[in-house]
Every structure is written in structure tokens, then in C-alpha cells.
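Participant: So that we are looking at the same thing, I have put the structure below in C-alpha cells.
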Amino acid sequence: MTLPENLERVLPEIGRDLFDVLVIRTDFSDDEAWSAVVEELQQPWGPSGEFDAAVQLVDAPAWSGATADEVLAAVVDEGLVVVFLADRGTMNSPVRALLALSTVWEDVSGLDPVYYQELIESPDPREFRALPAAVHGVQADLALANVDFAEYAAEALAEPDQVLRSI
């Protein structure tokens, strides 16, 4: 798909707080599914629902069909450690699982294997799926460095449907 010249895949400047979840819609095939995702994202979260949802939505047709790599290439906010996509998988999923993408990628290929064996051998996936209700906790934990992305990815991959349900 080629974009018309007047549409660019550039993230708008968003006044974003550390705990704001950034969700980019890349699939425009089902407005009803998108509305359900947005409604879930706007629900209070936390163990007792004590935190207000803080979500920044990018709902622009220019992002239609954007790949994970294209989205990551557009992310220039150095404080952003994760971005969530509402892609075709989200719209087709009965649980509306968003695609979580790590914006931080460490190349461990040059590390000394004697000292960093565990790090070198551990898989470091760059993405996983998460329920809309789980993304706020993921954002908070990653922003505070309480948990790293690979831990959440491993937890999601351990689920039968490979979707992170809660934190």
C-alpha cells in the first residue's frame, strides 16, 4: 500500500506523562472493535481500579497498515519504552489484545559470554500481546523499571493464547 503524498506516518507531538499509554491504530477494518478497545483502555486500572486511565490515542488513517518496524522507526520519544498497536490481530481477536512493542533493543551479540551467558542465551522478544486492561500496568512497570519487557513477553508467551492478561 502506498500512501497519498499528503499523508505521512509521523507521530503527532503529544504532551505525554510517564504513565500515559500510547496506542496507535493501524487497522481500520472494524470501527466497532476499535470502539470496544478504546472503551476498555479508558477504564480505571490497578488492583482496586484506583488509578485513572491515561491513554494517548493515534487514530489517523495515515497509519493504516503500518508495520511494527514502521511504527518503531517513527518513535522518537526517548522516554517511551513501549508502544501499543491496535492492529489487524487486535481487531480480529475476541479479547481485543493489543500488540506491545519494545522501543528499546539491546544488541547483546558483542558481550563476553563468560560474564553474560544468561543474558546472551535468554530470548529477548520485541513484542507480545496484552489485553487492553493490562497495558496500563505494563506501561507503569516499564516506565519505573520495575519489570523489563522480556519478563512480560515471557509471561504472555506462557499463556495458552500467548496474551498477557494481568500484571
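Read-outs throughout are calculated quantities, based only on the coordinates presented, and are distinct from any laboratory measurement. Computed from a predicted structure; not experimentally measured. FYI the Cβ positions are ideal-geometry reconstructions off the backbone, even for glycines, and counts take in every protein chain you see.
Participant: Rank-order 27-36, 52-61, 128-137 by packing density, defined as the average count of other C-beta atoms within 10 Å over each peptide's residues, highest first.
Facilitator: 128-137, 52-61, 27-36
Participant: Which whole-Hz ³J(HN,Hα) couplings does region 32-37 yield from phi under the Karplus relation 6.51 cos²θ - 1.76 cosθ + 1.60, θ = phi - 60°, glycine and proline marked x?
Facilitator: Calculated HN-Hα couplings, in order: 5, 5, 4, 4, 5, 4 Hz.
Participant: V21's amide H: which non-local residues (gap 5+, or another chain) put their own amide H closer than 5 Å, with H modeled 1.01 Å from N in plane and none for Pro or chain starts?
Facilitator: Distant-sequence amide H within range of V21: A54, V55, Q56.
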